[in-house]
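First the structure, in the form of structure tokens, and then the observations on it.
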Amino acid sequence: MASPMSAGRFLDILRDEGVTVVEVGNWRTHNRNHKGPWGPVHGVMIHHTVTQGTANTVRIVRDGYAGLPGPLCHGMIAKNGTVHLVGYGRANHAGSGDDDVLRAVIAEKALPLDNEANTDGNRHFYGFECENLGNGTDPWPAAQLEAIERVSAAICRQHGWGAPSVIGHLEWQPGKVDPRGFTMKSMRARIHDRLK
């Protein structure tokens, strides 16, 4: 069980891990905390955006859209590997997912099949949206994959977690497919190596 780090510490650990960061507006206080608690935090969740264009994508994940107000993540990872910080605190990214998956993340065990949506994920996960169409053919540039690896490792290092604490949205919520185009197993292997 971990309390979320401060926004300032979050920024510091990302930079210390070699991440190129852009601070977007009032990201430190832009959140959905009035809708419920944020924390304890147990892991990191990776998504794809189904969008094109970095500026457009930053706007969407910061502001949200009809029916789903922003922020939609804590950071948006662009194709070039730059991480745009858009919010900090509770964010509309994880939605409801499987309590068995959450228990496995906490225990850092193999993930069960996500077949329920009975647990508030927005409370328990740091979230990163990644600029990608999510069609399985839109490329994932090396710089972007490295940034996913670095932000995940930075957060895991801060909280004393291992790579099993990093999951994809598709491993949390039934019916989700993101991120599509690389496997979370391969990403966790990269994060594991970075944490060594």
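The values are calculated or read from the model by the stated rules, or taken from the named source; none is laboratory data. All values reported here derive from a predicted model rather than from experimental measurement. Glycine also receives a Cβ, built like all others from the backbone with ideal geometry; neighbour counts cover every protein chain displayed. All accessible areas refer to the heavy atoms of the entire protein, side chains included, with ligands and DNA or RNA removed. Shrake-Rupley method; radii C 1.70, N 1.55, O 1.52, S 1.80 Å.
The protection proxy used here, the mean number of other Cβ atoms lying within 10 Å of each residue, ranks peptides 79-87, 156-164 as follows, highest first: 79-87, 156-164. Database remark: amide H of GLY43 closer than 5 angstrom to the amide H of TYR126 (H placed geometrically; neighbours at sequence offset of 5 or more, or on other chains; Pro and chain starts carry no H). Inter-label distance, SER186 to ALA66: 3.8 nm, where each label sits 7 Å from its Cα along the C-beta direction.
Remark on CYS130: its backbone amide H falls under 5 Å from those of HIS47, HIS48, THR49, ILE77, a criterion applied only to residues 5 or more positions apart or on other chains, H modelled at 1.01 Å from N.
Normalised by 2.2 N^0.38 Å, where N is the number of residues, the C-alpha radius of gyration of the range 1-91 stands at 1.05. Sorting 37-45, 10-18 by their mean Cβ neighbour count within 10 Å, with the most densely packed peptide first, gives 37-45, 10-18.
Measuring nothing but protein heavy atoms, the accessible surface of the range 51-196 at 1.4 Å probe radius is 52 percent carbon and sulfur.
Think of a 1.4 Å ball rolled over the protein heavy atoms: the chain then has 42 Å² of accessible area per residue.
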